[in-house]
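The values are calculated or read from the model by the stated rules, or taken from the named source; none is laboratory data. Keep in mind it's a predicted model, so treat the numbers as computed, not measured. Glycine gets a Cβ as well: all are built from the backbone with ideal geometry, and neighbour counts include every protein chain shown. Heavy atoms of the whole protein, side chains included, go into the accessibility calculation; ligands, DNA and RNA do not. Shrake-Rupley method; radii C 1.70, N 1.55, O 1.52, S 1.80 Å.
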Amino acid sequence: MSQPNFTADQILAFAVEALEDVKGDKITVLNVANHTDMMDYMVICTGTSKRHVNALGQNVFEHLKSQGLQPLGSEGRGMGSDWVLVDLHDVVVHVMTEEARSFYDLEKLWDIKPEVM
């Protein structure tokens, strides 16, 4: 089965839509294309609880699959984790509890001005 050819911007739009559908909070997009060859965008989103974080990550994974894109993988889903990562080829989505997001502070780590969605 071949993968449809989606642009990074299309994948980003699908991912943000999936997060918004499940009431993701503080959705932030970092354009990292000039900083790494591994991805074009990093999306960071806050969930209100570990259960909400899992639901957000699951929704992103399932929504992209329903669009015909097989995610490369994910970490933390279904484990009661405070951080779920979904790898969507050119877009990597991080869904975190407020505590985890504050502690790891990925926006500062990448030192890129975020685009708040």
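Over the chain, the Kirkwood radius and the radius of gyration, each from Cα atoms, give a ratio Rg/Rh of 0.94.
Given a 1.4 Å probe and every protein chain left where it sits, what share in percent of the accessible area of the chain is carbon and sulfur?
Working: 3240 of 6580 Å².
Accessible surface attributable to carbon and sulfur in the chain totals 49 percent.
Remark: accessible surface ordering of Val22, Val93 (largest first) is Val22, Val93, probe radius 1.4 Å.
Rank His52, His89 by accessible area, highest first, at a 1.4 Å probe radius?
Values: His52 30, His89 55 Å².
So, going from the largest accessible area down, we get His89, His52.
Using C-alpha pairs under 8 Å with a sequence gap of at least 6, the mean separation divided by the residue count of the chain gives a relative contact order of 30 percent. Put a plus charge on the Cβ of each Lys and Arg, a minus charge on the Cβ of each Asp and Glu, and nothing anywhere else: the dipole of region 9-117 about its Cα centre is then about 340 debye.
When ligands, DNA and RNA are left out and all protein chains stay put, how many square angstrom of accessible area per residue does the chain have with a 1.4 Å probe?
Details: 6580 Å² over 117 residues.
For the chain, the per-residue accessible area is 56 Å².
Extension gain, Glu75 to Trp110: 0.36 nm times the residue separation minus the Cα-Cα distance gives 10.6 nm.
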